[in-house]
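*Asks:* To start, I am sharing the structure in question, which I have written as structure tokens.
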């Protein structure tokens, strides 16, 4: 696969995958050895490690090296929005606002590990619970995984093709509503929870890249630490 975007982003993706597969155990190899193994400069490696440190995946200790961070563990099964809402006793609803196919953006190509020439299916959807707007979601999937927009649950459509995601890397941060305000029915500047997730198949292939904006007054994330 040809690298798209800055080299350090490709290095970070490879390291992220290796960490999730337990390749390095508790500590990464010394920088010089790791750079040689990956075939990259130490400058690119350091930028990649800076990014992983910002994501909370590694901890760098002066004079000791780089260690895999102890992470929060989600004890629940990886759920799609519809399944999650039903588990909470709410009635999910999805309104498809936009569907398009085309070449990936550099960000999508990196997240989904796409080769040149591969396309994506993009979905812009408004997610509701009991008739009230809950989240605005932008999803990108490789065309080899899904070529048409599903009528119902995205995860059920993937599962029907034997492509059910087994795990995901998800980032969460607080943001202020901008263009998301109108479809979500909130005032500009209102607090939102921004979730960014890459979901993976059991064999490690990324199958879904999603950005979601949740209403902070209607959604909370509960994490059990182990």
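The values are calculated or read from the model by the stated rules, or taken from the named source; none is laboratory data. Worth saying up front: this structure is predicted, and the values here are computed from it rather than measured. Ideal geometry is used to build each Cβ from the backbone, glycine not excepted, and the neighbour counts take in all protein chains shown.
*Asks:* Go through the range 99-135 and give me each residue that's under 19 Å from residue 181 (Cα atoms) and either surrounded by 15 or more Cβ atoms within 10 Å (Cβ to Cβ) or within 20 Å of the chain's Cα centre (by Cα) (or both).
*Replies:* Selection gives 123, 124, 125, 126, 127, 128, 129, 133, 134, 135.
*Asks:* Still on this structure: For the structure I just gave you, tell me whether residue 180 is farther than 17 Å from residue 127 by Cα, in the same structural domain as residue 112 (by TED's automatic domain parsing) and at pLDDT 90 or above.
*Replies:* Details: farther than 17 Å from residue 127 by Cα: no; in the same structural domain as residue 112 (by TED's automatic domain parsing): yes; at pLDDT 90 or above: yes.
No; evaluated as a whole, the condition is false for this residue.
*Asks:* Go through the range 115-143 and count every residue that is farther than 21 Å from residue 198 by Cβ and in contact with a helix residue (DSSP H, G or I) (Cβ under 6 Å, 6 or more places away or on another chain).
*Replies:* Count: 3.
*Asks:* Let me ask you something else. The conditions are (1) part of a loop (DSSP other than H, G, I, E, B); (2) crowded, with 18+ Cβ neighbours inside 10 Å, and residue 193 fails exactly one of them. Which is it?
*Replies:* (1)
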